[in-house]
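One structure below.
The values are calculated or read from the model by the stated rules, or taken from the named source; none is laboratory data. Source: prediction; values computed, not measured. Here Cβ is always computed from backbone atoms with ideal geometry, including for glycine, and neighbour counts include all displayed protein chains.
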């Protein structure tokens, strides 16, 4: 079931409250939502973006691709993990929080994409609506749907960048041994640090 806008706002508020408590070493927030959709197991990512001079820069993005934990619990956990994203040299500091925009992406279950001809895979990927999980052996990489839109990528570039994220060659999606899965996401984002929360519409929805 899709989330309502109010549920999306509660999801973002939970992520922000957890982030603030963690970086300021305060007690974890109480009274977090644990009914309805928040009790359902869902895949979810929390994305943190630092705002400087009106421009946003990624500050952390981590999540659970699969529905392994109740949504409320998963949001709290990945909000902490995102603040300590190992791709960055240091964790989010307390003084940064007021410049951070919080985004929560609630995922559908990834499903495998297959075609008789591997070169036709880009035609099965809907840019702006589908996210990608590319894996081969122990290597795996995930890109959220909004990344392709933000970067202006076409489907083939999106597949190539997902392979690179997995540490594979950029044409690894052509390999029969590489599994390509797609998923969709409901994305809720603050319009400014701690500000109003809106639902982002997919590119295919205009």
Meets criteria (within 25 Å of residue 80 (Cα to Cα), touching a helix residue (DSSP H, G or I) at 6+ places or on another chain (Cβ under 7 Å) and surrounded by fewer than 14 Cβ atoms within 10 Å (Cβ to Cβ)) for residue 93: yes
Residue within the stretch 149-159 that is in contact (Cβ under 8 Å) with a residue 40 or more places away in the chain and either assigned to a loop (DSSP other than H, G, I, E, B) or touching a helix residue (DSSP H, G or I) at 6+ places or on another chain (Cβ under 7 Å) (or both) present: yes
Selected residue (criterion: modelled with the lowest pLDDT) from residues of the stretch 23-52 that are surrounded by fewer than 20 Cβ atoms within 10 Å (Cβ to Cβ) and part of a helix (DSSP H, G or I): 36
Exclusive hit being closer than 27 Å to residue 141 by Cβ and out of contact with any helix residue (DSSP H, G or I) (no Cβ under 8 Å at 6 or more places or on another chain), set 30, 42, 99, 87: 87
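To keep it simple, each residue is scored yes or no on (1) in the same structural domain as residue 100 (by TED's automatic domain parsing); (2) within 16 Å of the chain's Cα centre (by Cα); (3) under 21 Å from residue 103 (Cα atoms).
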site: 130; (1), (2), (3): no, yes, yes
site: 135; (1), (2), (3): no, no, no
site: 145; (1), (2), (3): no, yes, yes
site: 148; (1), (2), (3): no, yes, yes
site: 156; (1), (2), (3): no, no, no
site: 165; (1), (2), (3): no, yes, yes
site: 173; (1), (2), (3): no, no, no
site: 191; (1), (2), (3): yes, no, yes
site: 199; (1), (2), (3): yes, yes, yes
Residue selected from the stretch 64-77 under the condition closer than 25 Å to residue 180 by Cα and free of Cβ contacts under 8 Å to residues at least 60 places away in the same chain, by the criterion surrounded by the fewest Cβ atoms within 10 Å (Cβ to Cβ): 68
Filter result for residue 58 (surrounded by fewer than 16 Cβ atoms within 10 Å (Cβ to Cβ), in a strand (DSSP E or B) and under 17 Å from the mean Cα position of the chain (by Cα)): yes
Residue count for the stretch 106-128, restricted to those that are assigned to a strand (DSSP E or B) and either modelled with pLDDT under 95 or farther than 27 Å from residue 8 by Cβ (or both): 1
Test: residue in the stretch 129-140 that is assigned to a loop (DSSP other than H, G, I, E, B) and farther than 30 Å from residue 16 by Cβ: yes
